[in-house]
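The values are calculated or read from the model by the stated rules, or taken from the named source; none is laboratory data. Note that the structure is predicted; figures quoted are calculated from it, not measured. Glycine gets a Cβ as well: all are built from the backbone with ideal geometry, and neighbour counts include every protein chain shown. When the accessible area is computed, the model is the full protein with side chains, heavy atoms only, and any ligands, DNA or RNA have been set aside. Shrake-Rupley method; radii C 1.70, N 1.55, O 1.52, S 1.80 Å.
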Amino acid sequence: QVQLVESGGGLVQAGGSLRLSCAASGRIFSVASTGWYRQAPGKQRELVAVVSSDGITRYADSVKGRFTIARDNAKKTVDLQMDNLKPEDTAVYYCYVTRIQTYWGQGTQVTVSS
């Protein structure tokens, strides 16, 4: 079983930065893919960034060059550094861990004001 706890959301002005962090419990973190999705009001959940167990990263086109994902297997954490934030980045952000089964965090709100 894996439990995920997110932190770091909040309100920021456009052009600002936030760092999201997700702490995982359980034994599979180091061999699992992990990352972040987001869901804006009235929209489907979309993949933001993912990092595989061997460190390969992938980003949504909308965040490339602005967001950076990083994992720390020793600490069982996955962070999302978000720079140059835009109002369209406003959403609830969810971290996840997946290996055979997918586990989700509770979500953290990010609001970017114009």
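List of remarks:
- Filter result for residue 78 (under 20 Å from residue 7 (Cα atoms) and either out of contact with any Phe, Trp or Tyr (no Cβ under 6 Å at 6 or more places or on another chain) or among the aromatic types (Phe, Trp, Tyr) (or both)): yes
- Of everything in region 58-109 that is more than 11 Å from the chain's Cα centre (by Cα) and hydrophobic (A, V, I, L, M, F, W, C), the residue that is most open to solvent (accessible area, probe 1.4 Å) is 100.
- Residue selected from region 1-54 under the condition touching a residue at least 60 places away in the same chain (Cβ under 8 Å), touching a Lys or Arg at 6+ places or on another chain (Cβ under 9 Å) and aliphatic (A, V, I, L, M), by the criterion nearest to residue 99 (Cα to Cα): 32
- The residues of region 99-114 that are of a type in the set (Ser, Thr, Tyr) and part of a strand (DSSP E or B), listed by number, are 102, 103, 108, 111, 113.
- Test: residue 9 is under 14 Å from residue 89 (Cα atoms) and small (Gly, Ala, Ser): yes
- Every residue from region 58-114 that is among the small types (Gly, Ala, Ser) and in contact (Cβ under 8 Å) with a residue 24 or more places away in the chain: 62, 91, 105, 107, 113, 114
- Residues of region 10-37 classified as among the hydroxyl-bearing types (Ser, Thr, Tyr) and open to solvent by less than 50 Å² (accessible area, probe 1.4 Å), total: 4
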